[in-house]
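Report on one structure; see the data block that follows.
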Amino acid sequence: MATPPHIPKDQGLRFQRPGNAAYAKAAAAKDAAAANALLSRRNALFQDYARAHQKPAWSPSISAAFRFLIIIRVSSAMYSVIKDCDETFGYWEPLHLLVFPPGKHHASVPFQTWEYSPQFAIRSWAFIAQYLPLTKPLAYFGVGKRQIFFAVRLLLAFISSFVDARFYKAVADVFSARVGRYCLMALATSAGVYEASIAFLPSTFVMHATTLAFSACLYPARLPSSDPSVLSNPSQRPFRSERLLLATLSFAAGAIIGWPFAIILALPYVLEQLFLRADDIVANGKASNWTVSRWSTAIGAAVLAAGLAIPAFLIDSLAYGKLSFAPLNTVLYNLFSGRRGAGPELYGTEPFTYYFSNLLLNFNVFFPLALLSLPLLLISARFDPRRFQRPVLESKKGHAAVEQPSSLFSLALLRIAPFYLWFLVLSIQAHKEERFMYPAYTLLCLNAGVSLYLLRTLAEVAFVKVTKSPYRASKSSLFTTMTSSILAAGLLLGVLRCVGQLNNYHSPFDVLFHFEGYELPRVVAELFPETLNAAVQQRIARGLSPVATKEEKDYNDRGYGEENKGVSVDLTIDLSPLATLDTPVRLCYGKEWHRFPTHFLVPAGVEVEWIKSEFDGILPKHFDVIGSSAVQPADGVVKALDAALGWTWPWATVTRRIQSGFNDLNREEADRYVEANTCDYLVDLDLPHRSLASKESQYEPRYATMSEQWDRVFCGAFLDAEFSRPVVDPRDSLPSKVVRKVAAALHRAFWLPKAWPGNANVYGDYCLLRSRESRFKPASSS
């Protein structure tokens with residue numbers, strides 16, 4: 001039947017029954033979503049021209065990405081160890097000082113490093129103070145130190161998941177959905193981000209601030225369509241009013257509150273904002289107006305962001321008792337202290353290749369991919385130029401656009417540049433540490449996602465060129481298999497790396513957990529039996545130990561047992577009576593001082609002290625809470641600040657103390673040490689395999705084998721990575737030697753079954769020792 005002449009042939013009729021408005025609304029929403037998806041694809045930096053009429057690639061929602069990440073980050077918060085002693089002494093210990101009042105003598109008095117002495121003042125108390133709104137109320141309501149430690153970590157896990165989810169969504173919007181998915185997998189599965197995301201460090205703060213900044217500034221710069229210097233176009237990405245302000249504030253926060261050198265990461269963003277057209281179409285004769293608009297808005301945002309320096313300056317000045325701006329002091333120290341023999345190089349130097357090996361361990365396949373992003377971008381521009389071809393802009397009648405938007409290639413180049421910039425700057429520095437690279441970790445994941453996407457698209461281009469069939473390329477599973485295999489390898493290696501780290505190096509935490517959970521409760525039960533609750537006293541009456549074993553606690557928690565009647569009972573022993581001791585429990589560290597986690601994991605009533613080891617650098621010293629040292633004299637400005645804002649910093653009598661024995665030359669100070677025979681407990685790492693290869697040290701004897709002086713309370717396995725090397729037979733062939741060395745390296749770096757070939761791992765005993773002369777030894781051993 002012929003179509004009636006009044007109805008066009010390419011048109012159809014849609015009949016809608018009354019009351020079917022919900023269906024119409026859903027259909028309209030679906031059409032709008034499809035239109036938005038198409039617009040988003042047209043605005044992407046990478047144009048999927050081969051799939052212009054296909055369904056867009058799937059990508060998780062931002063809420064799904066957050067839920068996915070938070071599960072992983074919480075596990076990191078609960079199980080990761082502290083890898084860097086600077087995290088302990090530089091940040092956890094000062095936070096402990098602000099949160100908990102000190103006890104008697106040195107009991108529960110945290111350690112101070114020379115950087116926090118007013119004579120140097122290169123660490124900012126503002127970074128510590130931002131966590132007080134969480135920690136102080138928890139402490140006020142009686143939450144324990146260990147719980148507050150993990151509360152801070154959980155807060156960091158939440159922040160990390162939030163900013164990473166925003167970052168992923170920005171990557172998916174700006175580059176493509178595929179790049180976003182690849183980036184999300186790298187963020188979720190890499191061991192580097194797993195550990196760095198919950199570290200209590202300024203470099204982690206910078207990582208989060210930088211990630212938040214890039215979640216805004218990845219979108220190309222634009223002026224609002226109301227600005228007379230630019231033309232609007234339906235093909236352009238919508239103007240994002242928060243982009244400039246959020247990015248500028250985040251970059252400024254990272255540099256002022258975190259680490260001042262991190263401002264380097266903002267350089268490409270500043271370049272684009274001030275000099276590149278980005279997504280703006282400049283109207284004829286309006287170039288100067290456009291420049292003024294861009295610069296004025298950027299300067300306004302920068303001035304507003306600089307306001308973050310005011311509270312930082314006030315807090316540091318109140319804390320140190322003199323005008324202080326810690327970020328400036330840090331820059332001056334790093335740039336000029338070397339002239340007088342000081343400087344960061346005193347704390348170790350590493351070769352140029354240090355970050356290559358470190359990032360390869362922490363990011364496995366994603367690190368080589370990140371390094372390849374620039375070459376692949378250049379190759380794609382040469383062999384796949386349509387990938388960076390903007391859609392044809394719709395011209396407006398009566399307006400001639402003399403300056404088109406920046407090319408998609410240049411915008412993509414600017415977005416992968418920050419990682420290269422940071423990597424190069426840090427690699428040429430003599431003093432290198434793993435945490436220095438944290439600020440660029442999420443940018444590494446971005447670059448890796450870009451590389452994986454470009455590898456796939458280049459493979460598609462090559463496939464089409466060989467087969468001369470775009471249709472076969474669109475139906476082939478080869479490219480999905482390739483990317484899935486790489487992501488699966490990254491996932492597997494990331495998980496094995498994380499599990500290996502926990503399996504090999506968690507003993508410093510395990511020792512203190514046993515000390516607080518089993519040893520000290522025994523001490524309280526013997527010294528203060530009147531403080532025990534009814535359930536514990538019933539255990540004693542039945543002839544059981546007052547301290548339940550782990551198995552008994554698990555059994556009780558399930559409500560098992562005739563006396564439980566399906567409900568668990570309180571088997572905990574309150575450790576607060578320890579704080580009443582005239583002479584506190586003394587816990588000592590020798591050569592393991594740098595693995596002391598924090599006073600947050602040491603109960604009140606316990607003092608932590610150092611004994612002499614072979615280490616000849618400067619050790620931290622307890623904060624002066626009894627007022628035995630001089631106070632930094634306050635100048636006129638600080639006196640005025642004290643009068644107006646002194647109530648906001650009640651710790652001034654401690655933080656302004658100028659203690660003796662601090663220097664910035666890493667010179668050993670003898671006033672740090674106590675004698676080993678004065679210690680009730682000692683934490684030490686026993687490496688029996690080393691005693692066979694070298695003479696026993698004068699200051700580092702094998703305490704764990706001195707059974708007449710020390711009892712082993714608890715010992716955990718700890719990998720000796722330096723000695724975990726295969727014994728190579730000189731008669732073996734070169735390939736055989738290489739295979740054995742590679743296999744041993746894999747066993748050291750990742751968790752692998754012990755029975756697998758090539759395992760050369762050697763473990764020591766990380767022990768909690770109790771002095772046989774201690775007044776806290778079990779009554780049965782008297």
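Here, each number is a calculation from the coordinates, and none is a lab measurement. In this text the structure is predicted, and so the values were computed from the model without any measurement. Here the Cβ positions follow ideal geometry from the backbone for every residue, glycine too, while neighbour counts run over all protein chains shown.
The angle separating the long axis of helix 243-253 from the principal Cα axis of greatest extent in the chain is about 20 degrees.
Net length available on complete extension from Glu551 to Leu645 is 28.6 nm, with 0.36 nm assigned per residue and the Cα-Cα distance removed.
Shown for Ser427, Ser176: other C-beta atoms within 10 Å of each C-beta, ranked fewest to most, produce the order Ser427, Ser176.
With distances taken between every two different alpha-carbon atoms, the chain has a Kirkwood hydrodynamic radius of 30.1 Å. Would you mind checking Lys432/Lys591; Lys169/Lys286; Lys591/Lys621 for any pair whose Cα atoms are more than 25 angstrom apart? Over 25 Å Cα-Cα: Lys169/Lys286. In a reduced charge model with +1 at each Lys and Arg Cβ and -1 at each Asp and Glu Cβ, region 371-523 shows a dipole moment near 1060 debye about its Cα centre. Look at the dipole of the chain built from charges on Cβ: of Met437, Phe313, Leu332, the Cα furthest out on the positive end belongs to Met437. What you get for the chain, charging only the Cβ of Lys and Arg (+1) and of Asp and Glu (-1), is a dipole of about 4220 debye around the Cα centre. Classify region 82-184: rounded, prolate or oblate, from the alpha-carbon gyration tensor (a ≥ b ≥ c, eigenvalue square roots; a/c under 1.5 rounded; otherwise prolate if a/b is larger than b/c)? Prolate. Considering only alpha-carbon pairs that sit under 8 angstrom and 6 or more positions apart, the relative contact order computed for region 533-572 is 40 percent.
Length gained on full extension, Lys741 to Thr653: 26.1 nm, using 0.36 nm per residue less the C-alpha separation. Computed from the Cβ-Cβ distance with R0 of 60 Å, the FRET efficiency linking Ala534 to Asn334 stands at 0.50.
Once both labels are positioned 7 Å from their Cα atoms along Cα-to-Cβ, the gap between Ala302 and Val425 label points is 1.5 nm. Which Cys residues of the chain have no other Cys beta carbon under 4.7 Å away? Among the cysteines of the chain, those whose Cβ sits 4.7 Å or more from every other are Cys85, Cys183, Cys217, Cys445, Cys498. Projected label points at Leu378 and Asp729, each 7 Å from Cα along the beta carbon direction, are separated by 4.8 nanometres.
Once R0 is set to 25 Å, what does the formula 1/(1 + (r/R0)^6) return for the Cβ-Cβ distance between Ala541 and Ala579, expressed as a FRET efficiency to the nearest 0.05? Given R0 = 25 Å and the Cβ-Cβ separation, E is 0.35.
Among Leu734, Leu446, Leu454, the ranking by other beta carbons within 10 Å of each residue's beta carbon, starting with the fewest, stands as Leu734, Leu454, Leu446.
Cα-based radius of gyration for region 251-373, normalised by 2.2 N^0.38 Å, reads 1.49. Placing pseudo-labels 7 Å out from each Cα toward the beta carbon at Ala721 and Phe356 gives an inter-label distance of 1.8 nm.
Selection among Gly636, Tyr116, Asn503 by position relative to the dipole of the chain gives Asn503 as farthest towards the positive end (Cβ unit charges, Cα centre). Computed from the Cβ-Cβ distance with R0 of 22 Å, the FRET efficiency linking Glu696 to Glu669 stands at 0.30.
With 0.36 nm allotted per residue and the present C-alpha distance subtracted, the Thr705-Leu527 stretch has 61.3 nm of extension available. Once the gyration tensor of the Cα atoms in region 533-572 is diagonalised, the equivalent ellipsoid follows with semi-axes of 15, 11, 9 Å, ordered largest first. In the chain, Cα pairs under 8 Å separated by at least six residues give a relative contact order of 17 percent. Listed by chain and number, the aspartates and glutamates whose alpha-carbon sits under 17 Å from that of Lys475, ignoring those within fewer than 8 places in the same chain, are Asp48, Glu460. The angle between the Cα long axis of helix 478-505 and the longest principal axis of the Cα atoms of the chain comes to about 10 degrees, rounded to the nearest 10. Between the helical axis of 408-427 and the dominant principal axis of the chain, each derived from Cα atoms, what acute angle in degrees is found, rounded to the nearest 10? Long axis of 408-427 versus the principal axis of the chain: about 20 degrees.
When each of His106, His431 is scored by the number of other beta-carbon atoms lying within 10 Å, the sequence from fewest to most is His431, His106.
Can you work out the PRE-style zone for Tyr79? Point 7 Å along Cα to Cβ, and I want the residues of region 481-516 with backbone N under 14 Å. Residues passing the 14 Å test: 494-507. The DSSP beta bridges internal to the chain are antiparallel in roughly 75% of cases.
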